[in-house]
Amino acid sequence: MKTITAILVILIAVVFVANVMAVPPGKTVEFAGGDSGKVVFDGKVHADKGLKCAECHPKLFQMKKGADKITMADINAGKFCGECHNGTKAFKSSDAANCAKCHKK
């Protein structure tokens with residue numbers, strides 16, 4: 001019984017820690033974006049499209065900010081944001097007309 005209780009306590013702690021690190025709808029997180037300007041990820045924009053955090057975490061992105069080294073080359077190759085931002089599921093990341101949708105100067 002003590003083992004089951006200990007496992008439950010650990011699982012509950014993991015859930016709370018993961019939620020603290022997540023970007024909930026209505027919040028944003030900013031990343032350095034080089035010459036194009038910082039990248040602003042808006043949890044609400046993605047949630048409004050019906051997406052859940054678990055669709056990208058940890059499959060495409062690690063939970064800790066800065067743990068992934070994301071480049072535009074990777075994104076345009078279909079990795080990270082490019083998994084969806086390919087012009088089919090969401091706007092195409094490699095189209096110069098879309099840069100300002102993520103990059104803010």
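Readers should treat all values here as calculations from the given coordinates under stated rules, not as data from a laboratory. These figures come from a predicted structure and were not determined experimentally. Note that each Cβ is placed from the backbone with ideal geometry, even for glycine, and that neighbours are counted across all protein chains shown.
Structural remarks
- Lysines whose Cα lies under 28 Å from that of Lys104, excluding same-chain neighbours fewer than 8 positions away: Lys27, Lys38, Lys44, Lys49, Lys52, Lys59, Lys64, Lys65, Lys69, Lys79, Lys89, Lys92
- Taken along the Cα-to-beta-carbon direction at a fixed 7 Å, the label points for Lys105 and Phe41 span 2.5 nm.
- The modelled label-to-label distance between Thr71 and Asn86, using points 7 Å beyond Cα along the C-beta direction, is 2.1 nm.
- Normalised by residue number, the volume inside the convex hull of the Cα atoms of the stretch 24-104 is 94 Å³ per residue.
- Ranked for footprinting exposure by Cβ neighbours inside 10 Å, fewest first, Lys38, Lys52 give Lys52, Lys38.
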